[in-house]
Amino acid sequence: MQKMYLILMTMFFWGCHTALNTQNNDQWAHLSHYAKANAEWRNNNRERPTAVFIGNSITQDWYDKRPDFFTLNNYAGRGIGGQTTPQFLSRFRADVIALNPQIVVINGGINDIAENSGIYDPDFTFGNIQSMAELAHANGITVILTSVLPAGNIPWRTEIANVPEKIQTLNANIQNYVVNKGFTYVDYYTSMVDTQKAMAALYTTDGVHVTDAGYQVMETIVKAAIDKLLKK
């Protein structure tokens, strides 16, 4: 009897622990944020997405402000505001691989530099981007890695130093990696940077987030890259 009691109590506490961990993981990475949208895409006899865009508020705002760019091109937007690359990586299977897109467009890093989820470690951030790219490639998904957009500083964390230099270093690492792996690099940075290594005023609302004019520039650049890949 006592043995059965101990077994039942162990199962109870393990179940509580598992439920708590699941809840905490979901809260941290917002794993269920797109669960309904993903299920609808998979279950409504829709064709596979041409491309899934995974990212932070820059990607989320893009879809919110300019949804026709996504719907008319059969693209799925999977951005979540404030997220860093380890959070993207945590939800990558659910929000990208499970949708089986032809292409994934990965844009991340600015919130890592902003230290939204901890002290910035450039190797850790770059490793997360590599892991997402390699997961996609292993699942037959064509990889586009984009530059981090320019920023002179972080408006919500003005004490963070050397933001432009950190962005340039991360972009150089991404570009070199893409060349070595045979993936595609999309360079938003060069078309949107000003002479002070910040984002040009026309393209940003606060130095980091993007205006309608900025998204038009990004759309032209990334769609040309996607269309070129689709012709291969």
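The values are calculated or read from the model by the stated rules, or taken from the named source; none is laboratory data. In this text the structure is predicted, and so the values were computed from the model without any measurement. Reconstructed Cβ throughout: ideal geometry from the backbone, glycine too, with neighbour counts over all protein chains shown.
The numbered conditions (1) in a strand (DSSP E or B); (2) touching an Asp or Glu at 6+ places or on another chain (Cβ under 7 Å); (3) within 21 Å of Lys166 (Cα to Cα) are all true for Arg78 except (3).
From the list Lys197, Lys232, Lys181, the one residue that fits, being more than 17 Å from the chain's Cα centre (by Cα) and free of Cβ contacts under 8 Å to residues at least 40 places away in the same chain, is Lys232.
Return a yes/no flag: does the stretch 73-88 have any residue that is within 26 Å of Gln216 (Cα to Cα), at pLDDT 95 or above, touching a Lys or Arg at 6+ places or on another chain (Cβ under 6 Å) and of a type outside the set (A, V, I, L, M).
Scanning the stretch 73-88 turns up no residue that is within 26 Å of Gln216 (Cα to Cα), at pLDDT 95 or above, touching a Lys or Arg at 6+ places or on another chain (Cβ under 6 Å) and of a type outside the set (A, V, I, L, M).
The numbered conditions (1) under 20 Å from His30 (Cβ atoms); (2) buried (at least 17 other Cβ atoms within 10 Å of the Cβ) are all true for Ser131 except (2).
Of the helices (runs of 4 or more DSSP H) lying entirely inside the stretch 120-232, those carrying at least 2 residues that are touching a Leu at 6+ places or on another chain (Cβ under 6 Å) and not hydrophobic (A, V, I, L, M, F, W, C) are 122-138. The residue of the stretch 99-119 that is nearest to Met218 (Cα to Cα), among those that are of a type outside the set (A, V, I, L, M, F, W, C) and either outside any loop (DSSP other than H, G, I, E, B) or in contact with a Cys (Cβ under 9 Å, 6 or more places away or on another chain) (or both), is Asn111. Checking each residue in the stretch 67-80 for being over 14 Å from Ile226 (Cβ atoms) and surrounded by fewer than 16 Cβ atoms within 10 Å (Cβ to Cβ) picks out Pro67, Asp68, Thr71.
Against the definition (buried (at least 22 other Cβ atoms within 10 Å of the Cβ), touching a Phe, Trp or Tyr at 6+ places or on another chain (Cβ under 6 Å) and closer than 20 Å to Pro86 by Cα), how does Leu149 come out, yes or no? Yes.
Within the stretch 184-200, the set of residues being surrounded by fewer than 14 Cβ atoms within 10 Å (Cβ to Cβ) and farther than 20 Å from Ala114 by Cβ comprises Thr190, Thr195. Taking the residues in the stretch 30-74 that are aromatic (Phe, Trp, Tyr) and within 18 Å of the chain's Cα centre (by Cα) as candidates, determine which candidate is nearest to Ile106 (Cα to Cα). Looking at the filtered set, the residue picked out is Phe53. Counting residues in the stretch 91-98 that are closer than 16 Å to Arg78 by Cα, in a loop (DSSP other than H, G, I, E, B) and basic (Lys, Arg) gives one or more.
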